[in-house]
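This report refers to the structure that appears directly beneath it.
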Amino acid sequence: MSVRITLAGVVTLAAVTLACGDSVPGTRSLGNEGAGDPLITRALSRYVVEFLKRNPTVNTYLGGAGIDPSLGTVDGQLRDYSPEAIAEEDRWLAMTARELGAVNVGALTEAVSIDRDVAIAQTRFLLRQHQVRHYQERAVDTYVTEPFRAVDWQLQGLTQTSARTWGTPEEWALLVRRVRAIPRFLATAQQQLEAGVKAGRVADRRMLERDGLGTSQANATYFAETLPKLAAERMTADPGRETTLADLRVAAKEASAAYLKFRTFIAGTFFEADGRTIKAEYAADRYALGSSEYDWALANNFHLETKSQQLFDESWPIVDATQKQMIDLARQIGQQKGWSLPADGQAAVRAVFDQLSNDAPKSDAEMIEWYRDAAFRLVSFARETGLFDVPAEYKLDVIETPAPLRASIDGAAYYPAPPFKEAGIGRFYVTPTGNDPAALRANNRAAIADLSAHEGFPGHDWYYKLLTRHRDAVSPVRWLTPGAVEDSSSMWEDSMAAEGWGLYAEALMAEPQPKAPNGFYTPEERLYQLQGQLYRDLRVRIDVGIHTGRLGYDDAVTHFSEVVDFLPGACDAAGRAKSEAKRASCETAERAVFRYSKWPTQAITYRLGKDAIYSLRQEAQKRLGSKFSLKDFHLAFIRQGTIPPAYFKDALLRSEP
């Protein structure tokens, strides 16, 4: 048996059938089903379809109609967060968990058994989110961001109708219906937040300010101005175009007004009369998840036995080792350039960064163009070295981050196209700096490549496009993102594989390749790649620290600036005033820690995911010896879907040479 068959053979997944017995479009049946497979696959199919009906934004994100045609109209809806809907959903979740838990696992094939375990973990997370954490009563960022994400992903997935137009009449009608649903959605959000105030469950003051006030205002502007303009530019010229545009303008105006009303509620409830100063009763930090909840999430969401205490204790030696690599490389660069560097190692790294930052973009527009150029260079490198088989038609879209997402996206991010919909393209977002000279210097020429590898190629863009190409081999349950796709309500189950791959992709491009003994990066780019690794290493310490009481918020910000940017000193007002570099570093650090404070456990998935991939790769290479193929391993890993590697490690490695 060839290695290709050996590796691919362990990742083929059972076809998921719909409740009525029809197969999911594009899936294929395996010849050797377990005795219990038909029963459990029907249960899983019912679960997936019902989940997507109850989570319209996730449905749009995935292109749910490609899983079940009945899900097509769900794209005209928003999630119902009312107390009645959540109570009914919890009854369904509990029933589903019991049904899946009662199955005889011994009668299932390994792949279907994994699917079952994943679904049970998802139901447990959602029940805990609703009944233990009561997060629906303080999910401010979810409430202000989810409608925008739903509409933005809907726009991304529109069918291209000509060279410059997108969207069928039916698709635009669904979008209008969804925009009309925003006022009711926000009214329900207000109802839940008011209940949270009465129960003493309130969002952290930073979320109230940045998401409750800032993102609400950005969304109001988006729906009043940006969306109608985008629709006019993109909508196909058909007989109903003007009527649809008029309907959208009315709906968007009402959505904008609803966001302003919601913002007024946030300001009046949580802030003093000036609309900026948080009321004393809400001024305390409220972001920490707590040790017991963190450990529960590690076990349930990521399928890990590791506890938060162990992660925290083990984090610093890893950070220290990466710093030492950077110091050694900085001295090599300094010697090659003829630069006189300080004797202190950390000061030497900072001095090299300062020198490299002189070659910086002059504007945000130029910065985004540099990111685009780096992404294309990475693709060319993979083609030239044979690292990946990149189709000639492969393309990558790099664009400016929309204003409503900037509170959550610091630097860059990637949003994939709907995998079960034929239309749409993924987007590599780059967040503008406001033409801040210090921030532009931080995005200098040497600093661009690493992040491009992570978000673009061979990171997220390549990962999701390859996964989508092989979607028929991946059970739909492995695509689900319980809680939310990306905000503080999220389970982050998908992040361990996807973000682990992104960080792995950065490191992969530093490995020697044919015709490239030093990998893709120049020494200067390699230094920034190590810095990217460093701050993912540090994220484990900071995320665990702030959510389990081992680190305070301000201490975490200072820690980030000192460790990642090699800039000593506190990030207080006096420290920020020392230099433009320190100011920019502290601002970046604070935005990062704010994100971690909102998204407990997400920040740890990068390093833990990357480590899991390298561990799997080393074990596969050990087992297969000379028959090991890196391309086959990459495909085998990606075809497992966006679930934590701990679920499928044994299945991936169990093969016959």
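A DSSP coil position with no more than 12 other Cβ atoms inside 10 Å describes none of the chymotrypsin sites (Phe, Trp or Tyr not before Pro) in region 175-247. Centre-to-centre separation between the Cα atoms of region 50-67 and those of region 332-347: 53 Å.
By the count of neighbouring beta-carbon atoms within 10 Å, fewest first, Phe376, Phe594, Phe520 end up ordered Phe376, Phe594, Phe520. Taking amide H as placed 1.01 Å from N in the peptide plane, Glu400 has its amide H under 5 Å from the amide H of Val430, each at least 5 places away in sequence or on another chain.
In plain terms, the C-alpha convex hull of region 219-374 casts an average shadow of 18.6 nm² when viewed from every direction.
Scanning residues 5 or more positions from Tyr414 or on other chains, those with amide H under 5 Å from its amide H are Tyr429, with H placed 1.01 Å from N in the peptide plane. Taking the centroid of alpha carbons for each part, region 599-657 and region 373-401 are 23 Å apart.
Shown here for region 344-416: GluC sites (Glu not before Pro) in loop regions (DSSP other than H, G, I, E, B) with at most 10 other Cβ atoms within 10 Å, namely Glu393. In order along region 82-88, the phi-based Karplus estimate (6.51 cos²θ - 1.76 cosθ + 1.60, θ = phi - 60°) of 3J(HN,Hα) comes to 5, x, 5, 5, 5, 4, 5 Hz; Gly and Pro are listed as x.
Using Cβ point charges alone (K and R +1, D and E -1), the dipole size of region 3-292 about the Cα centre works out to roughly 420 debye. Couplings for region 308-322, taken from phi via the Karplus curve 6.51 cos²θ - 1.76 cosθ + 1.60 with θ = phi - 60°, read 4, 4, 5, 4, 5, 5, 7, 6, 5, x, 5, 4, 4, 5, 5 Hz in order; Gly and Pro are left as x. Of all DSSP beta bridges confined to the chain, the antiparallel ones make up roughly 65%.
Only lysines eight or more places from Lys631 in sequence, or on another chain, were considered; those with a Cα closer than 18 Å are Lys465, Lys515, Lys610, Lys622, Lys649.
Computed about the Cα centre, the dipole magnitude for the chain is approximately 280 debye when only Lys and Arg (+1) and Asp and Glu (-1) carry charge, each at its Cβ. The order of the peptides 95-102, 135-142, 470-477, 269-276 by mean Cβ neighbours within 10 Å, most packed first, is 135-142, 470-477, 95-102, 269-276. In plain terms, the residue of Arg469, Arg124 with the fewest other Cβ atoms within 10 Å comes first and the most crowded comes last, giving Arg469, Arg124.
Annotation: extensible slack from Arg331 through Tyr282 equals 12.8 nm (criterion: 0.36 nm per residue apart, minus Cα-Cα distance). The translational diffusion coefficient of the chain, from Stokes-Einstein at 10 °C and 1.306 mPa s with a Kirkwood hydrodynamic radius over alpha carbon pairs, comes to 62 µm²/s. Inter-label distance, Ser380 to Lys53: 5.2 nm, where each label sits 7 Å from its Cα along the C-beta direction. When only alpha carbons are used to place a centre, region 190-255 and region 500-519 end up 41 Å from one another.
Computed 3J(HN,Hα) for region 131-147, one whole-Hz value per residue from the Karplus formula 6.51 cos²θ - 1.76 cosθ + 1.60 where θ = phi - 60°, is 9, 9, 8, 6, 5, 4, 8, 8, 7, 4, 5, 4, 5, 7, 9, 4, x, glycine and proline marked x. Treating only the Cα positions of region 3-292 as identical point scatterers, give the base-10 log of I(q)/I(0) from the Debye formula at each q in 0.10, 0.14, 0.17 Å⁻¹. Treating every Cα as an identical point scatterer, log10 I(q)/I(0) equals -0.68, -1.09, -1.28. Radius of gyration (Cα atoms) of region 58-103, expressed as a multiple of 2.2 N^0.38 Å: 1.41. When the trypsin sites (Lys or Arg not before Pro) in region 289-374 are filtered for DSSP coil states and for at most 14 other beta-carbon atoms within 10 Å of their beta-carbon, the remaining sites are Lys362. Name the residues whose placed amide hydrogens come within less than 5 Å of the amide hydrogen of Trp166, ignoring near sequence neighbours (fewer than 5 apart) on the same chain. For Trp166, the qualifying residues are Thr161, Met235, Thr236. Between the listed residues Ala199, Ala392, Leu39, the Cα displaced farthest toward the positive end of the dipole of the chain, a dipole computed from Cβ unit charges relative to the Cα centre, is found at Ala392. Summing +1 for each Lys or Arg and -1 for each Asp or Glu among the other residues whose beta-carbon sits under 10 angstrom from that of Pro183 gives +2. Just so you know, the averaged projected area of the alpha carbon convex hull for region 158-305 sits at 12.3 nm².
FYI, it's all coordinate maths here, none of it is from the lab. What you see is a predicted model, and the numbers here were worked out from it, not measured in a lab. Every residue, glycine among them, receives a Cβ derived from its backbone with ideal geometry; neighbour counts consider all protein chains shown.
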